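Student: Provided herewith is a single structure, encoded as structure tokens, for subsequent inquiry.
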Amino acid sequence: MLYEDLLIEADMSNLIVKEKPLINNDGLISGNRIAIRKNIATTTEKACVLAEELGHHYTTTGNILDQQNVVNAKQELHARTWAYNECIGLIGIV
């Protein structure tokens, strides 16, 4: 899925996406706001980051930054799985 398509999906879900000069992360979500690192080189990579952040919006709850916590790590996996399915899906694998 293209970055522009994901931006439209985010907008339809009442999410605000901004490109910011992030240092430690490629993307972050807080409430209805998503920040994408501004200096990511390609729109393909930005699409991957945005898809994962949308996955967090749809599948996770609370602050899951501490990945040493098993529950948080599982939520991270759910968000990534959602992003993989959104961007590639079964047809992309076949």
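The values are calculated or read from the model by the stated rules, or taken from the named source; none is laboratory data. This one's a predicted model, so the numbers in the text were calculated from it and none came from an experiment. Heads up, the Cβs are rebuilt from the backbone with ideal geometry, glycines too, and the neighbour counts pull from every protein chain shown. To get the accessible areas, we keep the full protein, side chains included, count just its heavy atoms, and leave off ligands, DNA and RNA. Shrake-Rupley method; radii C 1.70, N 1.55, O 1.52, S 1.80 Å.
Student: Quick check on my filter: what residues within segment 62-86 are open to solvent by 50 Å² or more (accessible area, probe 1.4 Å) and assigned to a helix (DSSP H, G or I)?
Tutor: Val70, Val71, Lys74, Leu77, His78, Arg80, Thr81, Trp82, Tyr84, Asn85, Glu86
Student: Right, here's the next one. Would you call Ile29 within 19 Å of Asp66 (Cβ to Cβ), crowded, with 16+ Cβ neighbours inside 10 Å and touching a His at 6+ places or on another chain (Cβ under 9 Å)?
Tutor: Criteria met by Ile29.
Student: Another question, then. Being open to solvent by 80 Å² or more (accessible area, probe 1.4 Å) and not charged (D, E, K, R) is the requirement here; does Ala41 meet it?
Tutor: Judged against the criteria, Ala41 is a match.
Student: Among the residues of segment 44-61, write down those that are out of contact with any strand residue (DSSP E or B) (no Cβ under 7 Å at 6 or more places or on another chain), in a helix (DSSP H, G or I) and surrounded by 16 or more Cβ atoms within 10 Å (Cβ to Cβ).
Tutor: Correct list: Ala47, Cys48, Ala51, Leu54, Gly55, Thr59.
Student: Scan segment 1-48 residue by residue and report those that are without any contact (Cβ under 8 Å) to a residue 12 or more places away in the chain and on the phi > 0 side of the Ramachandran plot.
Tutor: Residue satisfying the conditions is Gly31 alone.
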